[in-house]
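Beneath this line is the structure, given in C-alpha cells, with notes to follow.
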Amino acid sequence: MKNKTYNTKALLIATGLSIFMIALVFFGSRKLQNFDAALVTYLFGTVFAFFGIVYRYSVWLQRPPTWIYFKRGITYLVTGKVFSHFWFATKESVENIAFQKFIYPRGKYRWVAHFMIAVGCTSAFLITIPLTFGWIHFAMAPNTISTYEAYFFGFKVMDFELGSVIAFLTFHALNWSSYLVIFGSLYYLRRRLTNPGLIATQSFEGDLLPLILLIAISVTGLGLTYSYQFMKGFAFDFLAVLHAVTVIMFLIWIPFGKFFHIIQRPAQIGAHIYKKQGMKMGMAVCPHTGEEFATKLHIQDLKTVTKQLGFDFSHEDGTSHLDLSPEGKRSRLAQAHLKARQEGGNLFG
C-alpha cells in the first residue's frame, strides 16, 4: 500500500472553503455583474493561493504541538476571563501585528523597513482582493461627468468629485503601497547582499527571491501608472502582462515559501495567551536544580504530545524525564555517562 502524499482532511477543508470563496465572488459581485473580466487571471491566482494557504494551514494545525497550542489559545480566549483575554489579544494584535513591535529589538532601521513592507502589503491586499472579486467597484454617477460613486457588494457607500483629494488618494492608493514595499524591500535586499553573516547562511529561494518578487510587483505596478499618466500609454500592454506574471508568481509562492509566515504570525497571539494563562496556573520546578523553568501547563501538555508522537519518557516511579529543566537534563545525562564509564572500568576510554 502506497503512502499518501496528501492530507485528505486538509484537502477537503481547502476544497470546501475555496468553493465557498468562489460563491462569495459570484454573489458579492452581483452574479458577476460587477466583476471585471480583465482581472480573471488575478482571480485564478488568488483562488489557487487561498487553496494552498488553507491546505497548508490545515496540515500545520493537525500537528500535535500546533494543535494543542491552537486549542488551548482558543479555549482561553472564549472562556474564563473573556474580557481580559480579549484585551490582551487586541493589545498583542496592535503591537505585534499592526506595528510589528517584535522586530524593533533587532534594530530600529530593520523595524522601519519591516513595518513599511507590512503596511504596504496589507494595504495592497485590502485594496486588490475586493477589486479582483468584484466586491468593490466604481461607476460614474448618473447625469454627471465629474462624480464617481463607490460600491461595496453592490451597495453605494460614497461618492466623490474627480480631481478632489479623496479621488487622488483613492485612485493612487496602490501607488503608496508600492512605494512602501519598494523602500522596505530594498533595505533588506541591501542587507542580504552586504552582510557577511547573512551571505553565508541565506538561500536564493528562501531569502532573496521573496524580496525580488515584492520589488518586481511594486515596480511594474507603478510602471502602469506612469505609462498611462506620463507616457500616453506607451508599453502599457507589456507592463500589464509583466505585472500580472509577477503578481501570480507571488500568489502561487505564498503557500509554499517564506511568505507563509504572514499567515502563521497571528497564531503567535494564541501562544502568548497560553503562556500567560500557564504562568497563572503555576510554574514547574526542576527536581534536580530546584529552580522554576516552565509552566506546569506546558510540561503537562508536553508529556501528552510526546506520547501522541510515540515517545514515552515516564519512569517506573511515576515521574518523567520531562520534569527536568534543560540544565537538569544535561546534568543527568552527564551523570549517566560518568556512571557507565565507571562501571565499565575505563573512565577516560
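The values are calculated or read from the model by the stated rules, or taken from the named source; none is laboratory data. Because the structure is a prediction, the values reported are computed rather than measured. Counting neighbours? That spans all protein chains shown, and the Cβs are built from the backbone with ideal geometry, glycine included. For the accessible areas, the whole protein counts, side chains as well, though only heavy atoms, and no ligand, DNA or RNA atoms are used. Shrake-Rupley method; radii C 1.70, N 1.55, O 1.52, S 1.80 Å.
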Looking only at region 191-205, which residues are within 26 Å of the chain's Cα centre (by Cα), within 23 Å of Val112 (Cα to Cα) and of a type in the set (S, T, N, Q)?
Asn195, Gln202
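Would you mind stating whether Ser58 is small (Gly, Ala, Ser), buried (at least 16 other Cβ atoms within 10 Å of the Cβ), touching a Lys or Arg at 6+ places or on another chain (Cβ under 8 Å) and assigned to a helix (DSSP H, G or I)? Don't jump to the end; show me each part of the working.
On the way: small (Gly, Ala, Ser): yes; buried (at least 16 other Cβ atoms within 10 Å of the Cβ): yes; touching a Lys or Arg at 6+ places or on another chain (Cβ under 8 Å): yes; assigned to a helix (DSSP H, G or I): yes.
When the stated conditions are applied, Ser58 passes them.
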Just wondering, is there one or more residues in region 126-145 that are in contact with a His (Cβ under 7 Å, 6 or more places away or on another chain), outside any helix (DSSP H, G or I) and not small (Gly, Ala, Ser)?
no
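Gly206 - would you say it is open to solvent by 20 Å² or more (accessible area, probe 1.4 Å) and assigned to a helix (DSSP H, G or I)?
Values: open to solvent by 20 Å² or more (accessible area, probe 1.4 Å): yes; assigned to a helix (DSSP H, G or I): yes.
It is true that Gly206 is open to solvent by 20 Å² or more (accessible area, probe 1.4 Å) and assigned to a helix (DSSP H, G or I).
For region 72-131, which positions are over 23 Å from Val219 (Cβ atoms), of a type in the set (Phe, Trp, Tyr) and surrounded by fewer than 17 Cβ atoms within 10 Å (Cβ to Cβ)? Working first, answer last.
Looking only at region 72-131, we keep the residues that are over 23 Å from Val219 (Cβ atoms), and these are 72-108, 111, 130.
Those still in the list that are of a type in the set (Phe, Trp, Tyr) too: 76, 83, 86-88, 99, 102, 104, 111.
The answer is Phe83, Phe86, Trp87, Phe99, Phe102, Tyr104.
From the set of residues in region 250-261 that are assigned to a helix (DSSP H, G or I) and buried (at least 16 other Cβ atoms within 10 Å of the Cβ), which is nearest to the chain's Cα centre (by Cα)?
Our first condition is that a residue be assigned to a helix (DSSP H, G or I); within region 250-261, this holds for 250-253, 260-261.
Checking the rest, the ones that are also buried (at least 16 other Cβ atoms within 10 Å of the Cβ) come to 250-251, 253, 260.
Numbers: Phe250: 14, Leu251: 13, Trp253: 13, Phe260: 5 Å.
Result: Phe260.
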Given the conditions (1) over 30 Å from Val59 (Cα atoms); (2) touching a residue at least 12 places away in the same chain (Cβ under 8 Å); (3) open to solvent by 60 Å² or more (accessible area, probe 1.4 Å), and given that Ile199 satisfies all but one, which numbered condition is not satisfied?
(2)
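May I ask you to say which residue of Phe238, Phe230, Phe168 is hydrophobic (A, V, I, L, M, F, W, C), over 23 Å from the mean Cα position of the chain (by Cα), surrounded by fewer than 18 Cβ atoms within 10 Å (Cβ to Cβ) and under 17 Å from Ile127 (Cα atoms)?
Numbers: Phe238 fails: under 17 Å from Ile127 (Cα atoms); Phe230 fails: under 17 Å from Ile127 (Cα atoms).
The unique qualifying residue is Phe168.
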Residue under evaluation Thr5, criteria (1) open to solvent by 80 Å² or more (accessible area, probe 1.4 Å); (2) in a helix (DSSP H, G or I), criterion not met:
(2)
Could you list, ordered by first residue, the pairs with Cβ atoms under 6 Å in which the first is in region 309-330 and over 23 Å from Pro64 (Cα atoms) and the second is of a type outside the set (Asp, Glu) and open to solvent by less than 60 Å² (accessible area, probe 1.4 Å), at least 6 apart or interchain?
Glu327/Thr289; Gly328/Cys286; Gly328/Thr289
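How many residues does region 147-183 hold that are in a strand (DSSP E or B) and either in contact with a helix residue (DSSP H, G or I) (Cβ under 7 Å, 6 or more places away or on another chain) or hydroxyl-bearing (Ser, Thr, Tyr) (or both)?
The initial filter retains those residues of region 147-183 that are in a strand (DSSP E or B), namely 147-152, 155-161.
So of that shortlist, the ones also either in contact with a helix residue (DSSP H, G or I) (Cβ under 7 Å, 6 or more places away or on another chain) or hydroxyl-bearing (Ser, Thr, Tyr) (or both) come out as 147-148, 151, 160-161.
Final tally of qualifying residues: 5.
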Every residue in region 277-305 that is open to solvent by less than 20 Å² (accessible area, probe 1.4 Å) and assigned to a helix (DSSP H, G or I), please.
Gly278, Leu297, Ile299, Asp301, Val305
Just a yes or no: is a residue in region 274-285 out of contact with any Phe, Trp or Tyr (no Cβ under 7 Å at 6 or more places or on another chain) and in contact (Cβ under 8 Å) with a residue 40 or more places away in the chain?
no
